[in-house]
Amino acid sequence: MYRKYCCARFGIRHEVSREEGINLRIVKPYPEHRMDTHNVYRFYLTPGYKEGQKKVVNHISIRYCPFCGTDLYGFYRSDFYINEEPGFF
């Protein structure tokens, strides 16, 4: 992989398309929708879904990597990793 991730398993789940199995989505919500001004990114664990499924996608908000335990808010601090639109969830 050409990006630096907290662990290889996180990188694999981040790189897959949204339609394929369990995946990790990183979102930067619009400023007016942020409840936490210190952590601008949100991290979600989701099952596969299609783009047309807006507002009905099951997702779990996570703070720690489910594979290695890294604090995601501390590790991912760049827009480079965003892989979902802000209003999707």
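When T70, T37, T46 are sorted by how many other C-beta atoms sit within 10 angstrom of their C-beta, beginning with the fewest, the order is T37, T70, T46. With K and R counted +1 and D and E -1, the other residues having a Cβ less than 11 Å from that of I82 yield a net charge of 0. Label positions at V16 and I62, each projected 7 Å from the Cα along the C-beta direction, are separated by 1.1 nm. Relative contact order, whole percent, for the chain stands at 32, derived from Cα pairs under 8 Å and 6 or more residues apart.
Estimated from helical segments only, the mean residue ellipticity of the chain at 222 nm is -3000 deg cm²/dmol, where each DSSP H run of four or more residues counts as -39500 (n - 2.57). Of the residues R77, R25, the one with the fewest other Cβ atoms within 10 Å heads the list, and the complete ranking is R77, R25. Footprinting exposure proxy ranking of Y41, Y5, fewest other C-beta atoms within 10 angstrom first, gives Y41, Y5. Computed from Cα atoms alone, the Kirkwood hydrodynamic radius reported for the stretch 8-81 is 13.1 Å. Taking label points 7 Å from Cα along the Cα-to-Cβ direction, E51 and I82 give a separation of 1.7 nm.
Quote the FRET efficiency, to the nearest 0.05, computed for D36 versus R9 with a Förster distance R0 of 22 Å and r equal to the Cβ-Cβ distance.
About 0.25, to the nearest 0.05.
We did not get these values from a lab; they are worked out from the coordinates using the rules stated. None of the values given here were measured: they were computed from a predicted structure. Note that we place each Cβ from the backbone using ideal geometry, even for glycine, and neighbour counts take in every protein chain shown.
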